[in-house]
Amino acid sequence: MIRTEGLSVNYGKRTALRDISLTVPQGHVTAIVGPSGCGKSSFLHALNRMTDLIPGASTSGRIIIDDQDVLSRDCDVSLLRRQVGMIFQKPNPFPLSIRQNIQLALKEHGQPTRVELEAITQQVLESTGLWGEVKDRLHHSALKLSGGQQQRLCIARALALKPRYLLLDEPCSALDPIASARVEELIASLKREYTLLIVTHNLAQARRISDDLAVFWMQDDAGVVVETGPTNKVFSTPTNPITAAYLSGSQG
Ligand SMILES: Nc1ncnc2c1ncn2[C@@H]1O[C@H](COP(=O)(O)OP(=O)(O)OP(=O)(O)O)[C@@H](O)[C@H]1O
């Protein structure tokens, strides 16, 4: 389970996120929605300490992942990023072969044998529905794949490191509707084994794929959470008027 308590993120003096307390239940897909600029990506980046990489950025409050205090000095950030994989809006495969995309990080994190490497490669490509499409050209450049295939390759690459959590930052927004539908199907199938947190601008998509919903909003110049709960319940009976207006399309 991921839990934040009073999490705030600042870029220099500007507060992007204020006092976020949110729970991401194990084995669920949780979607984060909200208007542009209300800190959805900043929230994801804080969870696996990518905020550390931004000069002038700071984080306060608590992030607990599997009973570990992520913001403590003792946290092993490299291990954290293995456990909490991240998928970005624009597919970002390495300019290497399909096979190398999967195997590079595996080699960095251990000394698997060739047989193990090939087995993991096949397994993650199968679980992302890519194996049949690429098995005869694993040595080809990943950059020659279509956008949708590249995004599924990036998900396969993340899965190879056996994460417990996947953070997906608008993973379909750069894809055409067919490729987007395949990634959605993939997300639904991954739910059995992983806990997923997805940022999306697409409310219909959030409704289709998520079990739980968190609505972020701008208040007093900072992103805050205005509503959380089971997706069906939030869509059918939102408790906050802001959420009701946003989900009905009349605001945001
Ligand atoms: N690296 C950064 N340096 C400075 N400010 C940043 C940085 N990243 C984000 N911000 C600011 O923090 C605020 C929240 O941005 P963020 O990208 O987290 O919002 P978002 O809800 O994901 O937006 P969008 O839906 O448009 O992607 C914005 O005002 C943005 O300009």
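Okay, residues lined up against (1) within 24 Å of Leu203 (Cβ to Cβ); (2) at pLDDT 95 or above; (3) acidic (Asp, Glu):
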{"site": "Thr4", "(1), (2), (3)": "yes, yes, no"}
{"site": "Tyr11", "(1), (2), (3)": "no, yes, no"}
{"site": "Ala16", "(1), (2), (3)": "yes, yes, no"}
{"site": "Ile20", "(1), (2), (3)": "yes, yes, no"}
{"site": "Gln26", "(1), (2), (3)": "no, no, no"}
{"site": "Gly34", "(1), (2), (3)": "yes, yes, no"}
{"site": "Gly39", "(1), (2), (3)": "yes, yes, no"}
{"site": "His45", "(1), (2), (3)": "yes, yes, no"}
{"site": "Arg49", "(1), (2), (3)": "no, yes, no"}
In contact with a helix residue (DSSP H, G or I) (Cβ under 7 Å, 6 or more places away or on another chain), hydrophobic (A, V, I, L, M, F, W, C), more than 15 Å from the ligand (Cβ to nearest atom) and within 30 Å of Phe235 (Cα to Cα): is that true of Val84 in this structure?
yes
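To keep it simple, each residue is scored yes or no on (1) among the aromatic types (Phe, Trp, Tyr); (2) under 26 Å from Leu79 (Cα atoms); (3) part of a helix (DSSP H, G or I).
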| residue | (1), (2), (3) |
| --- | --- |
| Leu166 | no, yes, no |
| Ser173 | no, no, no |
| Ala179 | no, no, yes |
| Ile187 | no, yes, yes |
| Arg192 | no, yes, no |
| Leu197 | no, yes, no |
| His201 | no, no, no |
| Gln205 | no, no, yes |
| Arg208 | no, no, yes |
Looking at Gln111, Gln89, Gln100, which is the one that is away from the ligand (no atom under 14 Å from the Cβ), of a type in the set (S, T, N, Q) and surrounded by 14 or more Cβ atoms within 10 Å (Cβ to Cβ)?
Gln100
Picked from segment 126-169 (must be charged (D, E, K, R) and buried (at least 19 other Cβ atoms within 10 Å of the Cβ)), the residue nearest to Met50 (Cα to Cα) is Asp169
Residues of segment 229-247 satisfying the condition of being part of a helix (DSSP H, G or I) and either surrounded by fewer than 16 Cβ atoms within 10 Å (Cβ to Cβ) or touching a helix residue (DSSP H, G or I) at 6+ places or on another chain (Cβ under 7 Å) (or both):
Thr231, Asn232, Lys233, Val234, Phe235, Ser236, Pro241, Thr243, Ala245, Leu247
Do any residues in segment 54-73 that are among the basic types (Lys, Arg) have Cβ atoms under 8 Å from those of residues that are within 16 Å of the ligand (Cβ to nearest atom), where the two are at least six apart or on different chains, and which pairs are they?
Arg62/Thr4; Arg62/Leu7
Here is a check on your reading of the model: is Ser58 farther than 30 Å from Ser248 by Cα, surrounded by fewer than 19 Cβ atoms within 10 Å (Cβ to Cβ) and at pLDDT below 95?
no
So which residues in segment 25-77 are over 25 Å from Pro230 (Cβ atoms), touching a helix residue (DSSP H, G or I) at 6+ places or on another chain (Cβ under 7 Å), near the ligand (Cβ under 10 Å from one of its atoms) and not hydrophobic (A, V, I, L, M, F, W, C), if there are any at all?
His45, Thr51
Starting from residues that are more than 24 Å from the chain's Cα centre (by Cα) and among the β-branched types (Val, Ile, Thr), keep the ones in segment 211-247 and report whichever is farthest from the ligand (Cβ to nearest atom).
Thr237
So, first residue at positive phi in segment 5-24, second residue surrounded by 13 or more Cβ atoms within 10 Å (Cβ to Cβ) and aliphatic (A, V, I, L, M), Cβ within less than 7 Å, six or more apart or across chains; the pairs are Asp19/Val224
For segment 170-207: of the residues being at pLDDT below 95 and basic (Lys, Arg), which is surrounded by the most Cβ atoms within 10 Å (Cβ to Cβ)?
Arg182
Of the residues in segment 147-184, those that are over 13 Å from Val84 (Cβ atoms), small (Gly, Ala, Ser) and touching a residue at least 60 places away in the same chain (Cβ under 8 Å) number 2
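The values are calculated or read from the model by the stated rules, or taken from the named source; none is laboratory data. As the structure is a prediction and not an experimental result, all values here were calculated from the model. Quick reminder, even Gly has a Cβ in these numbers, built from the backbone with ideal geometry, and neighbours come from all protein chains shown.
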